1. Suppose the filter is buried (at least 21 other Cβ atoms within 10 Å of the Cβ), within 16 Å of the ligand (Cβ to nearest atom) and closer than 28 Å to residue 69 by Cβ; does residue 117 pass it?
2. For the stretch 56-75, which residues satisfy the criterion of being under 17 Å from residue 108 (Cβ atoms) and assigned to a loop (DSSP other than H, G, I, E, B)?
3. Which of the numbered conditions does residue 167 fail, given that it passes all the others? Conditions: (1) in contact with a helix residue (DSSP H, G or I) (Cβ under 8 Å, 6 or more places away or on another chain); (2) closer than 28 Å to residue 235 by Cα; (3) within 14 Å of the ligand (Cβ to nearest atom).
4. Tally up the residues in the stretch 75-111 that are surrounded by fewer than 18 Cβ atoms within 10 Å (Cβ to Cβ) and over 13 Å from residue 62 (Cα atoms), please.
5. Somewhere in the stretch 262-281, is a residue surrounded by fewer than 20 Cβ atoms within 10 Å (Cβ to Cβ), under 19 Å from residue 119 (Cβ atoms) and at pLDDT below 95?
6. Quick one: would you say residue 63 is under 24 Å from residue 202 (Cα atoms) and free of Cβ contacts under 8 Å to residues at least 40 places away in the same chain?
7. Could you grab me the full set of residues in the stretch 31-55 that are outside any loop (DSSP other than H, G, I, E, B) and more than 23 Å from residue 323 (Cβ to Cβ)?
8. What number goes with the only condition from (1) within 16 Å of the ligand (Cβ to nearest atom); (2) modelled with pLDDT under 95 that residue 127 does not pass?
Ligand code: PBG
């Protein structure tokens, strides 16, 4: 059926028609808010490249999380900024580590807000890599035990879900095993399955103080040029026991989100990363774009591509917009 018999504009002429034929609807239920926890009291260090985001001590972390909870956001993703770093990332799995303390405090105050913890070593190692380093080599298998211990200590502190972001091979299986052995078989794993080696993580590394001190992450994070490999990565993580799989970043990788959605029937998350956030905030500040509209369009696009949930620094702003 072609013009003039078919006129797509017929169903665009008023808001009611547009609402009736809308295919994608963003909901507060889709949003996960990433937050940065740091030691201290009353601390709220602004992150320059991520306006509106802060390194938060536990008291402030609770305030922000409460706001998210009251807006109906179902979960936060917790990142820790430890006070000490060492080669074995010991503060990543310490009982009184920052994520462990923050998780206990959050679950105590807001038991119904899901706390997902990022499981990685890069904030906790003195060299800033996501695994154990031997000379110049990021040693895959030596990293697995450290990652598993980290995930276990998060779960023991009350985390509702753990999310490994390190990209070591085999870590999902290792984490699933250690959780199961410790009567934590009910704790799901959200795996950063297709995580690309992306320059869009720049602002996050300022926020979390996790930039590698030598080299880069190309030997473990994925090459941005690859798509088939994303399917292999995702399939592996599912076989190893992942419950939710993630594509990261989101906007420059919507083709990957779409392909994974078509091939895989597990819940799919997309991470709208720090650089994606920073670009919109910066252009809005310059008066070059309408930041709010670009935010809503971007999040809707990520959902349209096939994501079931979106990790985004816009979560509170978007929830407020959806409420209004
Ligand atoms: C840690 C981690 C990173 C991000 C999430 N977890 C940084 C990295 O891989 O260097 C990036 C998140 C963002 O940019 O918003 N492995």
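The values are calculated or read from the model by the stated rules, or taken from the named source; none is laboratory data. Nothing here was measured: the structure is a model prediction, and the numbers come from that model. Neighbour counts are summed over all protein chains in view; Cβ atoms, including those assigned to glycine, are modelled from backbone coordinates with ideal geometry.
1. On the way: buried (at least 21 other Cβ atoms within 10 Å of the Cβ): yes; within 16 Å of the ligand (Cβ to nearest atom): yes; closer than 28 Å to residue 69 by Cβ: yes.
So residue 117 passes the test.
2. 57
3. Exception for residue 167: condition (1).
4. Summing the residues that are surrounded by fewer than 18 Cβ atoms within 10 Å (Cβ to Cβ) and over 13 Å from residue 62 (Cα atoms) in the stretch 75-111 gives 8.
5. no
6. Numbers: under 24 Å from residue 202 (Cα atoms): no; free of Cβ contacts under 8 Å to residues at least 40 places away in the same chain: yes.
Against the criterion (under 24 Å from residue 202 (Cα atoms) and free of Cβ contacts under 8 Å to residues at least 40 places away in the same chain), residue 63 does not qualify.
7. Quick first cut of the stretch 31-55, residues outside any loop (DSSP other than H, G, I, E, B) only: 31-38, 44-46, 54-55.
36, 37, 38, 44, 45, 46, 55 - these are the residues of the stretch 31-55 that are outside any loop (DSSP other than H, G, I, E, B) and more than 23 Å from residue 323 (Cβ to Cβ).
8. Of the numbered conditions (1) within 16 Å of the ligand (Cβ to nearest atom); (2) modelled with pLDDT under 95, the odd one out for residue 127 is (2).
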